[in-house]
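To start, the structure itself, in structure tokens.
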Amino acid sequence: MPQLSQGPVMSGSVSHVPGRGRQLTLLGGTMLVDSTEASLVSSLFPLIRQSLGVSLGALGILTAAGKVVGAFTGPFWVWAAQRWSRKSVLVLATGLWGVWGVAAGFSQNFTQLLVLYTILAAGYAAAHPIVSELIGDLFAGSSRGRAVGVVYGAISLVSALIGPLKGQLAGVDEGWRWGLWGVGAFNIALGLCLWIWFRDPGRGAAEEQLAGLDRKTLDRHAKLTRAKVLSLLGIRSFVILLVSRLLSGHLLVGTFGVVYLVDVYGFSTQKAAIVLLPFGVGYFLGTLLGGFAADRVARRSPRRGLVAILQAAQFAFALFAFLGTQFDYGNIAVFCVFFALIGAAQGVNPSVNRPMVMAITPPELRGAAFALYVSVFEAIAWAAFGLGAGFLGDAVGLRTVFLWVLVILMLVNGAFLTLLYRPYADDVARVQRELSARREEALGRTSPV
């Protein structure tokens, strides 16, 4: 018979993990570093292009290389976290790994920058799958949308506040180097904070059916096998979400947004970087509102609610992207308004799709699921869009690329998500039945026939 632990406690019908707010703050910091590093390179690329003498296609190469390597190292870090511990992997891969960011700041040519940036991205690939898995262990299903919304929203807000500051590095000689040095140093400091203060709650700690069970019992099903990982591809709604990730053209706006305004509409880098603030604020509001809406709708309409929100977000993004990128308003303030709306529509996505992945997979498979969803499929999409946009932008112009990727493809993505309505609720119910069976088994009771 397992012992009841003093870890997760029950409040009504919700499992509550002590200290989860502090742990969520630390996890959010690891995600912030990854986001800041990626946006730094894209927003300051005009300076890198001038400093190292490269073309627009080089930004696509940088983006693609970072995402492609993450597609391989993301699953590796998830395996390492299973083999050793999630905390140790986060401390190393998303913390102390910042030394490579410092080194990248000393690059003397594009080849050096590409190699060091790729190594840096290889470590940062651990953040999304492991942090997303941990959020599922810290918060029960009724509050995951809000938790994810707070994390992604806070990241976006902080990124938005420092976005214009990063743009001002354009006025500093070799300012992009100072940016990489700063991010790398912050990353190392964050790794030390994780080492000192982070506490892993245990897999499945927030599940109502597993509340009160000791750590040994929680980890009984934690061992990953090839058969378990392959079973993810048998979850119909998860496969649909994976394909939808490949159609997520909105990933392009974060990489090429500033460069787009510089090349297409002739703004300076400093002025174009101003849109990062309203975009970030919009994303922040989108994640928060999306998170609250997701939790509420999931309770009222568990079969269709989350799917409807996710689908509507794709259509809204396509509309705002069309109005915000295909017309020359001649005023950066107008672009700021549309970038805020674009950010809000994009911000809804993680608050909905992350909890959906958590709901259709058992605790021990969530890390592997997010490794596939984010580290592999999102990375492939990001690499394809980034690399394609870089070279196609040189050939046919970024304006045409944005029309096809941010508008037309996103309309296709929204229509494709219609396929989720039938299987999603069935997959959620299957996981709930499995967790209930585990509790009965752990407490030595036999399920009624």
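The values are calculated or read from the model by the stated rules, or taken from the named source; none is laboratory data. What you see is a predicted model; the values in this text were computed from it and never measured. Positions of Cβ are backbone-derived with ideal geometry, glycine not excepted, and every protein chain shown enters the neighbour counts.
Could you go through the stretch 183-204 and let me know if any residue there is modelled with pLDDT under 85, assigned to a helix (DSSP H, G or I), in contact with a helix residue (DSSP H, G or I) (Cβ under 8 Å, 6 or more places away or on another chain) and surrounded by fewer than 22 Cβ atoms within 10 Å (Cβ to Cβ).
Within the stretch 183-204, none of the residues are modelled with pLDDT under 85, assigned to a helix (DSSP H, G or I), in contact with a helix residue (DSSP H, G or I) (Cβ under 8 Å, 6 or more places away or on another chain) and surrounded by fewer than 22 Cβ atoms within 10 Å (Cβ to Cβ).
Name the single residue, out of those in the stretch 52-95 being polar (S, T, N, Q) and under 18 Å from the mean Cα position of the chain (by Cα), that is nearest to residue 173 (Cα to Cα).
63
Residue 82: modelled with pLDDT under 90 and surrounded by fewer than 19 Cβ atoms within 10 Å (Cβ to Cβ), yes or no?
Criteria met by residue 82.
Within the stretch 138-145, does at least one residue satisfy the condition of being closer than 21 Å to residue 196 by Cβ and not in a loop (DSSP other than H, G, I, E, B)?
The initial filter retains those residues of the stretch 138-145 that are closer than 21 Å to residue 196 by Cβ, namely 138.
This time we only want the ones that are not in a loop (DSSP other than H, G, I, E, B), so: 138.
Yes, the stretch 138-145 has at least one match.
Under 7 Å between Cβ atoms, which residue pairs at least 6 apart in sequence (or on different chains) link something in the stretch 236-259 that is closer than 30 Å to residue 271 by Cα and free of Cβ contacts under 8 Å to residues at least 12 places away in the same chain with a partner that is assigned to a helix (DSSP H, G or I) and among the polar types (S, T, N, Q)?
none
Please find, among 101, 105, 70, 74, the residue that is modelled with pLDDT of 85 or more and in contact with a His (Cβ under 9 Å, 6 or more places away or on another chain).
74
Condition first: modelled with pLDDT under 85, of a type in the set (Gly, Ala, Ser) and within 22 Å of residue 63 (Cβ to Cβ). Now tell me which residues in the stretch 258-314 satisfy that.
Selection gives 273, 280.
Restricting to the stretch 306-329, what's the tally of residues that are surrounded by fewer than 16 Cβ atoms within 10 Å (Cβ to Cβ) and among the hydroxyl-bearing types (Ser, Thr, Tyr)?
1
Only one of these is farther than 26 Å from residue 157 by Cα and among the aromatic types (Phe, Trp, Tyr): 256, 292, 238. Name it.
238 is the lone residue from the list that is farther than 26 Å from residue 157 by Cα and among the aromatic types (Phe, Trp, Tyr).
Give me the pairs: first residue in the stretch 295-310 and farther than 22 Å from residue 242 by Cβ, second residue part of a loop (DSSP other than H, G, I, E, B), beta-carbon distance under 8 Å, and six or more apart or on different chains, which are they?
Once the first residue is farther than 22 Å from residue 242 by Cβ and sits in the stretch 295-310, its partners that are part of a loop (DSSP other than H, G, I, E, B) give 295/142; 295/143; 299/142.
Yes or no: residue 400 of a type in the set (Ser, Thr, Tyr) and at pLDDT 90 or above?
The answer is no for residue 400.
Determine whether the stretch 381-388 contains at least one residue that is surrounded by fewer than 24 Cβ atoms within 10 Å (Cβ to Cβ), closer than 18 Å to residue 252 by Cβ and modelled with pLDDT of 90 or more.
No, there is no match, as no residue in the stretch 381-388 is surrounded by fewer than 24 Cβ atoms within 10 Å (Cβ to Cβ), closer than 18 Å to residue 252 by Cβ and modelled with pLDDT of 90 or more.
Note down all Cβ pairs under 7 Å where the first residue falls in the stretch 140-161 and is closer than 17 Å to residue 30 by Cβ, the second is outside any helix (DSSP H, G or I), and they're at least six residues apart or on different chains.
Pairs that qualify, where the first residue is closer than 17 Å to residue 30 by Cβ and the partner is outside any helix (DSSP H, G or I), are 147/139.
Would you check if there is a residue in the stretch 396-403 being within 18 Å of the chain's Cα centre (by Cα), surrounded by 22 or more Cβ atoms within 10 Å (Cβ to Cβ) and part of a helix (DSSP H, G or I)?
No, because not a single residue in the stretch 396-403 is within 18 Å of the chain's Cα centre (by Cα), surrounded by 22 or more Cβ atoms within 10 Å (Cβ to Cβ) and part of a helix (DSSP H, G or I).
For residue 103, are the conditions met, namely being among the aliphatic types (A, V, I, L, M), surrounded by fewer than 23 Cβ atoms within 10 Å (Cβ to Cβ) and closer than 27 Å to residue 258 by Cβ?
When the stated conditions are applied, residue 103 passes them.
From the set of residues in the stretch 243-299 that are of a type in the set (S, T, N, Q) and within 22 Å of the chain's Cα centre (by Cα), which is nearest to residue 326 (Cα to Cα)?
255
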